[in-house]
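Quick notes on the structure that follows.
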């Protein structure tokens with residue numbers, strides 16, 4: 001499976017936004033405020049491929065590594081996070097309580113030629129990085145010339 005196939009096959013949109021609706025808003029709404037609020041539940045993902053692995057980078061600033069849940073089940077890589085925070089201010093005349101709730105989930109179909117049990121993850125500077133190693137038989141080898149006799 002090529003990198004483009006991995007991106008296109010494995011990427012799933014948030015269940016709260018149907019794909020046609022997401023495409024419509026991505027293409028036609030230019031209001032920065034609406035766009036940020038509407039799609040902030042699905043963080044941006046970069047996927048790249050090297051000879052021996054796939055690299056996934058997910059932008060999720062403001063979270064802690066303990067907020068994430070990363071798992072593989074039946075060939076599906078799922079990345080999700082949940083963070084809740086609450087502040088409460090009490091005064092003799094009023095009480096103010098504010099809270100925020102951040103949650104997202106992204107899923108990717110893994111190619112059959114990866115070692116799912118060897119996936120590693122690291123979260124630094126607001127970016128979650130996953131390394132998905134390929135099985136030996138799937139690693140790309142450099143081209144070599146075949147002599148014609």
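Read the figures in this text as sums done on the coordinates, not as results from a lab. As the structure is a computational prediction, the values presented were derived from the model and not from experiment. Reconstructed Cβ throughout: ideal geometry from the backbone, glycine too, with neighbour counts over all protein chains shown.
Taking neighbour counts of Cβ atoms within 10 Å as a proxy for exposure, in what order, fewest first, do 106, 129, 93 appear?
Fewest-to-most ranking of 106, 129, 93: 93, 129, 106.
Extension gain residue 46-residue 88, at 0.36 nm per residue separation less the Cα-Cα distance, in nm?
Length gained between residue 46 and residue 88: 11.4 nm.
What's the exposure ranking of 119, 76, 148, going from fewest to most Cβ atoms within 10 Å?
With the fewest neighbours first, 119, 76, 148 line up as 148, 76, 119.
Applying a 10 Å radius around every beta-carbon, put 66-73, 55-62 in order of their mean neighbour count, most first.
So the peptides 66-73, 55-62, ranked by packing, come out 55-62, 66-73.
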